[in-house]
1. For a quick check of your reading: which helices (runs of 4 or more DSSP H) sit entirely within region B:207-306 and have at least 1 residues that are farther than 30 Å from residue B:78 by Cα, in contact (Cβ under 8 Å) with a residue 24 or more places away in the chain and within 24 Å of the chain's Cα centre (by Cα)?
2. Any residue that is farther than 21 Å from residue B:142 by Cα, away from chain A (no Cβ under 14 Å) and crowded, with 18+ Cβ neighbours inside 10 Å - is there at least one of those in region B:249-268?
3. Within region B:12-32, which residues are over 11 Å from residue B:290 (Cα atoms) and in contact with a helix residue (DSSP H, G or I) (Cβ under 7 Å, 6 or more places away or on another chain)?
4. Check region A:291-298 and report whether any residue there is over 22 Å from the mean Cα position of the chain (by Cα), at negative phi and exposed (fewer than 12 other Cβ atoms within 10 Å of the Cβ).
5. Go through region A:162-186 and give me each residue that's farther than 23 Å from residue A:47 by Cβ and without any contact (Cβ under 8 Å) to a residue 40 or more places away in the chain.
6. Write out, first by first residue and then by second, each pair whose Cβ atoms fall under 8 Å of each other, whose residues are 6+ apart or on separate chains, and whose first residue, in region A:104-125, is in contact (Cβ under 8 Å) with a residue 60 or more places away in the chain and more than 7 Å from every other protein chain (Cβ to nearest Cβ) while the second is assigned to a helix (DSSP H, G or I) and surrounded by 23 or more Cβ atoms within 10 Å (Cβ to Cβ).
7. Applying the selection to region A:58-103, what residues are crowded, with 19+ Cβ neighbours inside 10 Å, under 22 Å from residue A:212 (Cβ atoms) and at the interface with another protein chain (Cβ under 7 Å from one of its Cβ atoms)?
8. Please state which of the following conditions residue A:232 fails to meet, knowing it meets all the rest: (1) modelled with pLDDT under 85; (2) at positive phi.
């Protein structure tokens, strides 16, 4: 059994807005194993970022509100702690990097000072020691001339360099978990590859777990051990990366795969977008969130929330929240339905 | 940095030259001249005076004579105050105005930053609402009203105490300066408070504040080290023009508090068409303000690393 470092259970987050209450995250559960990467995939607005930011306690409250659930880091609940207690794990046990490195660093502080700040606050280091360590960290993230670079300001860095500096900053206290909220979305493709490479390498050397939020399945395939597919504030399918790609058991996962471009030149594959748009989370549907867009929707899906089906197709835990996994459901050829052969 | 400063100074000199030329032309377009006053002077005396002051020469020649003298730092002799050199008027009275103005700016800037930060912290709660109400008051009520109210308050305090704690008017000691500089800085303080508030609220939503939280920094540290410094930038930008507004706009306050500042001479000279004093005070004020704006820009470069290289 893998060593679980972070266990999230039934997390729910709401935002009170002028238009009403948005139920952004609706009962999300997942585990992160030590030294492994969990990718959370889904389209914009499905609650990926809110999920991890709620765990970190950095969603603005109000309007945000954590309405339920727990998040256990090494067995201790860290969800909804007041800032003083949350700061015992923020930046120490869990580091975080963000989507846009250009705006994620303070423009009026040098890179080195921003990194050493973390060390001074959490490790009680002196400014000189912390600055020296900051240079080492920049060096570790493969920033050339780290000593000189540490004295520069964010505007003197390129986007890829800034993301490296962000990673260096988040690694300052040797965290056991790194949360990466779309770390490569704002970067161009070649830089993306370098950043992912760096993250994978640091994961090996530092033995840390990564929660990688992305909407890019190519990134998932490259980086992830475990995958959670999110849709409309819920995890609709989760399992190992092979389960998700080769034994997709939720129509939404199938839809994402259909919409992903490949570089095969046989011309057989056409990109099929998922039609329609996600449901209004002001009034979340009573049934399956994917009902309106699902090509295989059944009558039961409209009003009845599908339960989580544990699939027995592999050793790892593979779950899908879909009525098609019910023993009475019809057999869909494109979909992985373990046990469906026996049903016919 | 040095090249930047020199470039700005050169541009500033051209600005001052424009100010001088425009003032000179405007002044001579106003009907009448400094020798026209209530007491009728005979044509002969008038002629002598015109020769003495050089008013008999064509305007263009007068302009060149004036500019030549100005370059040597000589603004000439006042028309209305017997044998008083304009340079002396400026030397005697400008330090008073400058002290008052800079003290007012100091009040306005510190007050604006503190109140603005407070309103942002207490956004939409009672302290915010109270301060923002006072800010609207400070912006819309003219300074002479505040000046009179301030004096009234001092009178009441002093008569309650039975001795003069803070003088109601006059000039000399530091306690003389307190009330007038506060009154003078009030409008600017209100403006800066509003600016600071909106800039603080903008920065709360910046990504790097989220980063700072994720780093596990305390709210106090985030506020002082990450929010405040970035929020102050727009306030510093507007400080240059604010110094302009305050030092030239000090006239009314100086009058109410009986302060011997330059503002009085500035206004009197225009009323009496005292050519040399108009030119002297205007050009001097102009040069002072241009210098202040340059100074603020240079200070800005130290606070915001992004502008240093340009």
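The values are calculated or read from the model by the stated rules, or taken from the named source; none is laboratory data. This one's a predicted model, so the numbers in the text were calculated from it and none came from an experiment. All Cβ positions, even for glycine, are placed from backbone atoms using ideal geometry, and neighbour counts span all protein chains on display.
1. It comes to B:229-248, B:275-303.
2. yes
3. B:20, B:23, B:24, B:27, B:28
4. Taking every residue of region A:291-298 in turn, none turns out to be over 22 Å from the mean Cα position of the chain (by Cα), at negative phi and exposed (fewer than 12 other Cβ atoms within 10 Å of the Cβ).
5. A:164, A:174
6. Qualifying pairs under 8 Å: none.
7. Within region A:58-103, A:58, A:90, A:91, A:92, A:96, A:98 meet the criteria.
8. Condition (1) is where residue A:232 drops out.
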